[in-house]
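Chemist: One structure is given below, represented as structure tokens, and several questions about it will come after.
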Amino acid sequence: MNQESLIDWNERFLTGIPSIDAQHRALVNIINTLQVALSFGDARPILGGLFSHLQEYIESHFAYEANLLQNNAYPQTAEHLAEHYRFTAGVAALIEQYHQDPSVELAQKTKAHLLDWLVNHVLESDFAYAPFLKSCGVA
Ligand SMILES: [Fe+2]
């Protein structure tokens, strides 16, 4: 297995809000689980379980973030939640494809979707709200 392709959890992922960081770490674990399966050549056997885990994750993590943003009146709440909605729709489309044709390509597309989310949402949009929430006393 190519260890280099696994995401190494480190401080560059930390927003400084421990509950959020623990939840983001769970997402990195999901991505790494998929990567391990892909590196063995066929991720299809784990895809069903991965998608249900991912759906549970999305539901609880996004509800948690939405609550924090709304309760603290974060000015970019609407835009932030719109990103959550687009990501969720993308996952729903992948799950739909999984039910029609659980291919190796689908597993790769799923990994790409999750990695894009990690880089463009977690490290950008989530990092953007962190200083605001901390200034509101969220710890
Ligand atoms: Fe977010």
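A short reminder: the numbers here are calculations on the coordinates, not readings from a lab. Everything numeric here is computed off the predicted structure, so don't read it as measured data. A quick note on method: Cβ atoms are made from the backbone with ideal geometry, for glycine too, and the neighbour counts reach across all protein chains shown.
Chemist: So what is the calculated 222 nm ellipticity per residue for the chain, using -39500 (n - 2.57) for each DSSP H run with n of 4 or more, over all residues, to the nearest 500 deg cm²/dmol?
Modeler: When only DSSP H runs of four or more count, the value is -24000 deg cm²/dmol.
Chemist: Could I ask something else about it? Could you tally the net charge around residue 102, taking each other residue with its Cβ under 11 Å from the Cβ of residue 102, Lys/Arg +1 and Asp/Glu -1?
Modeler: -2
Chemist: Something else: Go through segment 87-96 residue by residue and turn each phi into a ³J(HN,Hα) via Karplus (6.51, -1.76, 1.60, θ = phi - 60°); whole Hz please, and just put x for glycine and proline.
Modeler: Taking θ as phi minus 60°, the curve returns 5, 4, 5, x, 5, 4, 5, 5, 5, 4 Hz for segment 87-96.
Chemist: What angle do you read, to the nearest 10 degrees and between 0 and 90, between the alpha-carbon axis of helix 18-39 and the longest principal axis of the chain?
Modeler: Tilt relative to the chain: about 10 degrees.
Chemist: Is the C-alpha gyration tensor of segment 1-106 telling us rounded, prolate or oblate? Criteria: a/c under 1.5 is rounded; beyond that, a/b larger than b/c is prolate, otherwise oblate.
Modeler: Cα axes put segment 1-106 in the oblate bin.
Chemist: Right, something else. State, as an integer percentage, the relative contact order of segment 15-135 based on alpha-carbon contacts under 8 Å between residues 6 or more apart.
Modeler: Computed value for segment 15-135: 40 percent relative contact order.
Chemist: Something else: Whole Å is fine, so just give me how far the alpha carbon centre of segment 3-53 lies from that of segment 62-139.
Modeler: Spelled out, the Cα-based centre of one part sits 14 Å from the other.
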